[in-house]
Amino acid sequence: MEGNLIIKNSAELVTCSGFEAKHGAAMRNLHIIPNGAVVIEKGVIKAVGDTGEILAGIDENHFTVIEATNRAVLPGFVDSHTHFVFGGYRADEFSWRLRGDSYMDIMRRGGGIVNTVAATRAAPKSQLVQSGLKRLDTMLSFGVTTIEGKSGYGLDLETEIKQLEAMAEIDAIHPVDVVRTFLGAHAVPEDYTGREDEFIDFIIQRVLPAVSQGKLAEFCDIFCENNVFSIEQSRRLLSKAREAGLKLKIHADEIVQLGGAELAAELSATSADHLLQASDTGIRALAQKGVICTLLPGTAFSLREPYARGRFMIDSGCAVALASDLNPGSCFSGSIPLIAALATLYMGISPEETVAALTINGAAAVGRAEIIGSVDVGKKGDLVVHEFPSYKFIPYHLGVSTVEKVVKDGVIVYDKTIMEEKIARKIPDKYPDVI
């Protein structure tokens, strides 16, 4: 019965049906099936539809069965932008920001990314694997079944490889799938200060070949930002990465309007991420080229910066994805419930669009829309059973996870009710109705 599972009688089966990103107004169409059912065999979705119709003639004894009465069922969430493998923490910097120090000010005095680089270089790979596994456990409890993870806390050959290898080991042993991104140009190391072009040469000539030949990553990313890497430096690295067989992502227009969105469109990148300061022209170019706009409201919230213009992007025909940007500095949170609340309350994104952004569009942002991100026949059996009858409870239950069960490849890999049963055993007999 491994990987054979039926979910039936769901109040809402929110399929997000499709095999490519949803753009613009299409993000509102979630293809909901009342009283829905899903049949998964050997980890692959075999049937989707009305419970009575789908289960007619099926012997349920050959399946694990989830009774989803009064519950919404959705595709597993895809967190398409994280930095979840790192060493050390930066709690002091959070306090510095509270007193008014800017993100760039902190970077200039040796904090920020460079701080984490030192800790990650010093950490053994086993420690990175152990801490990464714990973070994925938490993400799984939020309904995440696929995650993107970036390197970028090495800025050298050895540590960049170490981070990517740690992610590969995590991927092999944890239920959550890990998509690896090489972000060797995440910051300028201290010994290359004022020699940014030489550092890009080093990444291209020394690190990129090792990543490509070792098949350690699918994507290449760069922090294209004022006082970090210029448009031309970003174009040069990303063009070489494409020649090496990697797909492209870009940290674009986060702090200032530099033209990163326009570059992402020019290069037909898979996604452009952050985009807090993206221009109207850049946003329309992203829509025209079909580049996924991956927005990270948790980072804007943590840095107390204006949010990316998600409403304008969707109205301009963009495909918007939402992700956590989990990292030790600018957003030490992988909370999908928080992301959903921020998107709906402060970015003008509807609950329907938020769900699409966390599922099918997140899948597209990591090049997986054909196999995950929706409840469609032929896709992987990655689903989430929520404890409430509608997807609308996801942002409504502010910052609190509504996830009851998570199914990965047709196997239940997280079950909140088991934890509740353990708690219930400690409740005195005079409260018999508490379960």
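Applying the set (1) open to solvent by 10 Å² or more (accessible area, probe 1.4 Å); (2) without any contact (Cβ under 8 Å) to a residue 40 or more places away in the chain; (3) over 30 Å from Arg368 (Cα atoms) to Ala123 leaves exactly one unmet item: (1). Show the residue pairs that are 6+ apart or on different chains and have beta-carbon atoms under 9 Å apart, the first residue being within the range 1-19 and on the phi > 0 side of the Ramachandran plot, the second being surrounded by fewer than 23 Cβ atoms within 10 Å (Cβ to Cβ) and among the small types (Gly, Ala, Ser). That search, which allows pairs on different chains as well, returns Gly3/Gly43; Gly18/Ala26. All conditions but one from (1) in contact (Cβ under 8 Å) with a residue 60 or more places away in the chain; (2) of a type in the set (Asp, Glu); (3) part of a helix (DSSP H, G or I) apply to Asp171; the one that does not is (1).
Within the range 245-260, the set of residues being touching a strand residue (DSSP E or B) at 6+ places or on another chain (Cβ under 8 Å) and more than 15 Å from Ala285 (Cα to Cα) comprises Leu246, Lys247, Leu248, Lys249, His251, Glu254. Take the conditions (1) over 27 Å from Val411 (Cβ atoms); (2) touching a Lys or Arg at 6+ places or on another chain (Cβ under 9 Å); (3) among the hydroxyl-bearing types (Ser, Thr, Tyr); Thr181 misses just one of them, which is (1). Output the number of residues of the range 150-167 satisfying the condition of being part of a helix (DSSP H, G or I) and touching a strand residue (DSSP E or B) at 6+ places or on another chain (Cβ under 7 Å). Counting residues in the range 150-167 that are part of a helix (DSSP H, G or I) and touching a strand residue (DSSP E or B) at 6+ places or on another chain (Cβ under 7 Å) gives 3. Scanning the range 257-278 for residues that are over 15 Å from Thr299 (Cβ atoms) and assigned to a loop (DSSP other than H, G, I, E, B) yields Gln257, Leu258, Gly259, Leu267, Ser268, Ala269, Thr270.
Return the residue satisfying two criteria in turn: it lies in the range 210-253 and is more than 14 Å from Ala185 (Cβ to Cβ) and in contact with a Gly (Cβ under 8 Å, 6 or more places away or on another chain), and of such residues it is least open to solvent (accessible area, probe 1.4 Å). Among them, the one singled out is Asp253. Ala187 passes every criterion in (1) farther than 22 Å from Asp105 by Cα; (2) of a type in the set (A, V, I, L, M, F, W, C); (3) touching a residue at least 60 places away in the same chain (Cβ under 8 Å) apart from (1). Scanning the range 322-371 for residues that are farther than 21 Å from Glu305 by Cβ, surrounded by 24 or more Cβ atoms within 10 Å (Cβ to Cβ) and under 14 Å from the mean Cα position of the chain (by Cα) yields Val355, Ala356, Leu358, Thr359, Ile360, Asn361, Gly362, Ala363, Ala364, Ala365, Val366, Ala369. Quick check on Glu266: is it of a type in the set (D, E, K, R) and crowded, with 24+ Cβ neighbours inside 10 Å? It is false that Glu266 is of a type in the set (D, E, K, R) and crowded, with 24+ Cβ neighbours inside 10 Å. Under the condition of being in contact (Cβ under 8 Å) with a residue 60 or more places away in the chain and open to solvent by less than 10 Å² (accessible area, probe 1.4 Å), the residues counted in the range 290-321 number 9. Taking the listed residues Asp177, Asp156, the one that is in contact (Cβ under 8 Å) with a residue 12 or more places away in the chain, buried (at least 20 other Cβ atoms within 10 Å of the Cβ) and of a type in the set (Asp, Glu) is Asp177, with no other qualifying.
The values are calculated or read from the model by the stated rules, or taken from the named source; none is laboratory data. This one's a predicted model, so the numbers in the text were calculated from it and none came from an experiment. FYI the Cβ positions are ideal-geometry reconstructions off the backbone, even for glycines, and counts take in every protein chain you see. Ligands, DNA and RNA are stripped out before the accessible areas are found, and what is left, the full protein with its side chains, is counted by its heavy atoms. Shrake-Rupley method; radii C 1.70, N 1.55, O 1.52, S 1.80 Å.
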